[in-house]
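Novice: What follows is a structure written as structure tokens; I'll ask about it next.
The values are calculated or read from the model by the stated rules, or taken from the named source; none is laboratory data. None of the values given here were measured: they were computed from a predicted structure. Here the Cβ is made from the backbone with ideal geometry for all residues, glycine too, and neighbour counts use every protein chain on show.
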């Protein structure tokens with residue numbers, strides 16, 4: 001499914017988050033709503049369902065810790081209704097993925113859910129723990145001020161730019177829009193499936209399959225959580241968003257100029273070196289290389305991640321800083337070109353294809369991830385979910401393009417970085 005909503009000035013953050021979830025779950029059966037009458041807080045004349053194909057995402061039924069709306073769109077009658085939902089999707093592998101669509105910050109605080117559209121909606125991957133869903137592994141649940149720097153980024157708001165795009169299919173969830181600080185500060189929140197590598201396992205932490213949430217065993221699916229904006233600013237290791245101790249206070253960055261952040265929540269198990277990593281993530285460092293990493297250990301027993309990072313995959317024996325292809329430069333994850341010499345390289349990527357008649361064609365550039373340092377493979381991260389990087393300045397935010405008979409949505413983030421996302 002794919003929809004674009006324009007929200008009213010009076011719509012609260014909680015009401016907006018509810019509309020996004022309602023659109024996703026209403027299209028679970030591939031039929032979708034007959035009209036927009038049940039969608040509160042939107043400008044119905046400027047809001048559209050462009051596709052009502054099956055989203056494959058529905059309510060998780062059980063959410064566990066930090067989950068509120070895991071059973072229905074109206075999960076209770078409190079004022080905070082709409083601020084947090086746990087959804088699930090059965091991937092084409094037969095395994096089930098879980099993801100929250102929630103507001104950043106304390107979702108039960110009126111400053112967050114009741115604000116004038118300035119608390120951003122975001123995506124938080126969840127993993128199964130026996131009969132329940134385990135704790136969040138990244139995000140912020142402590143802030144009560146939506147304008148606080150710790151809530152900056154990693155989400156879409158409507159307080160300045162009122163349009164938000166939502167896409168969902170069997171391989172991905174995507175939110176596209178702007179943040180709560182600047183109307184032209186574009187944000188992409190993407191959670192998507194990719195091919196399993198030899199460094200990853202499908203498995204549940206408690207192998208009591210008879211009493212799992214549904215009948216599919218070993219359901220912690222390899223998932224990429226990918227957050228992207230128009231910046232190239234670097235982060236310190238402390239700003240990488242994993243669960244920091246007993247709370248969720250970590251921020252993406254407290255500036256508006258942010259590099260990409262990529263996480264693999266709870267899914268990397270490196271048997272070669274005997275490590276079981278969870279919530280492995282990385283972003284840019286001062287040399288504009290994807291080398292600032294973090295990970296916590298997995299004890300195989302509890303719902304809660306280890307309180308602090310126990311090893312850094314890139315600064316220790318996992319380091320492959322000289323490796324280029326796969327993850328080394330932010331541009332390879334859709335980030336803004338900065339020190340990368342391939343910024344305008346006609347051979348390696350940031351250019352149009354030109355046919356024999358001189359016509360320009362937009363290139364779909366796959367994202368590659370090199371898992372060799374984690375005992376795995378190099379894989380194409382784009383082909384399963386249809387999330388590609390592409391050339392900038394080729395259109396407007398949310399434009400459609402037909403490439404090889406397949407419809408894509410074009411999301412330029414700046415004059416030097418853009419993404420093209422397949423619409424199913």
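Novice: Can you say whether residue 105 is out of contact with any helix residue (DSSP H, G or I) (no Cβ under 7 Å at 6 or more places or on another chain) and at positive phi, as far as the supplied structure shows?
Specialist: Spelling it out, it is not the case that residue 105 is out of contact with any helix residue (DSSP H, G or I) (no Cβ under 7 Å at 6 or more places or on another chain) and at positive phi.
Novice: Could you go through region 27-47 and let me know if any residue there is in contact (Cβ under 8 Å) with a residue 40 or more places away in the chain, within 23 Å of the chain's Cα centre (by Cα) and either within 24 Å of residue 132 (Cβ to Cβ) or not in a loop (DSSP other than H, G, I, E, B) (or both).
Specialist: no
Novice: Count, please, the residues in region 144-174 that happen to be touching a residue at least 60 places away in the same chain (Cβ under 8 Å), out of contact with any helix residue (DSSP H, G or I) (no Cβ under 8 Å at 6 or more places or on another chain) and at negative phi.
Specialist: Within region 144-174, residues that are touching a residue at least 60 places away in the same chain (Cβ under 8 Å), out of contact with any helix residue (DSSP H, G or I) (no Cβ under 8 Å at 6 or more places or on another chain) and at negative phi number 13.
Novice: While we're looking at this one, here's another question. (1) modelled with pLDDT of 80 or more; (2) part of a loop (DSSP other than H, G, I, E, B); (3) crowded, with 24+ Cβ neighbours inside 10 Å: which one isn't true of residue 98, the others all being true?
Specialist: (2)
Novice: Check off (1) in a helix (DSSP H, G or I); (2) surrounded by fewer than 19 Cβ atoms within 10 Å (Cβ to Cβ) for residue 16 and give me the number that stays unchecked.
Specialist: Status for residue 16: all satisfied but (2).
Novice: Let me ask another. Is at least one residue of region 345-365 assigned to a strand (DSSP E or B) and at pLDDT 85 or above?
Specialist: Yes, because at least one residue in region 345-365 is assigned to a strand (DSSP E or B) and at pLDDT 85 or above.
Novice: Would region 133-156 turn up any residue that is closer than 30 Å to residue 30 by Cβ, at pLDDT 85 or above and buried (at least 24 other Cβ atoms within 10 Å of the Cβ)?
Specialist: Yes, because at least one residue in region 133-156 is closer than 30 Å to residue 30 by Cβ, at pLDDT 85 or above and buried (at least 24 other Cβ atoms within 10 Å of the Cβ).
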